[in-house]
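First comes the structure, then the notes that go with it.
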Amino acid sequence: IGEGAVGIVAANSAPAPCHFSIDYIEAATAEKFQIGMAFESKEIIEALVDDFANEHGFVVSNRQLCNKKCSRAATYKSKQIAAGEYAIGVKSTSLVTDCPCEVKWSSGKKTEITRVNGIHNHACDVASEVKFH
């Protein structure tokens, strides 16, 4: 490599996938969690979903007994001062985006995945900014 040459990539090599890319996460979710996959317990599914989220830069929380959703799945509602009155001039921010990403499973005679949605509607590289539930 000559002087001043930086980051030359071979013509036939593809760039490594970004584990925080929402397109990559969607595809990886579909590959890892498939409807009908059976497990011995819900704790196994929960651990797999938690590990997957941590590896891909987002946080999940239990919204229901047999469900893990992205922690940004809620919708933001501005706070009211009194009935019908909203705070004027008070700026507030929220990281929630009504994100549809979730893994849902049945819990009965067998524990199996019943719904998977790997789509995020926000960047997934800011897990440290998201509050754990």
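Rule-based calculations on the coordinates, nothing more; no lab input. Owing to the predicted nature of the structure, the values given are computational and were not obtained by experimental measurement. A quick note on method: Cβ atoms are made from the backbone with ideal geometry, for glycine too, and the neighbour counts reach across all protein chains shown.
Treat each spin label as a single point 7 Å out from the Cα along the C-beta direction, and report the Leu95 to Glu55 distance in nm.
In this crude spin-label approximation the distance works out to 2.2 nm.
Once phi is turned into ³J(HN,Hα) by the Karplus curve 6.51 cos²θ - 1.76 cosθ + 1.60 with θ = phi - 60°, what whole-Hz value does each residue of the stretch 37-54 show in order, with x for glycine and proline?
For the stretch 37-54, the Karplus-derived couplings read 4, 9, 9, 6, 7, 5, 4, 5, 4, 4, 5, 5, 5, 4, 5, 4, 4, 4 Hz, x marking Gly and Pro.
Quick one: length gained pulling Ser106 to Ala47 fully straight, 0.36 nm per residue minus the C-alpha distance?
19.7 nm
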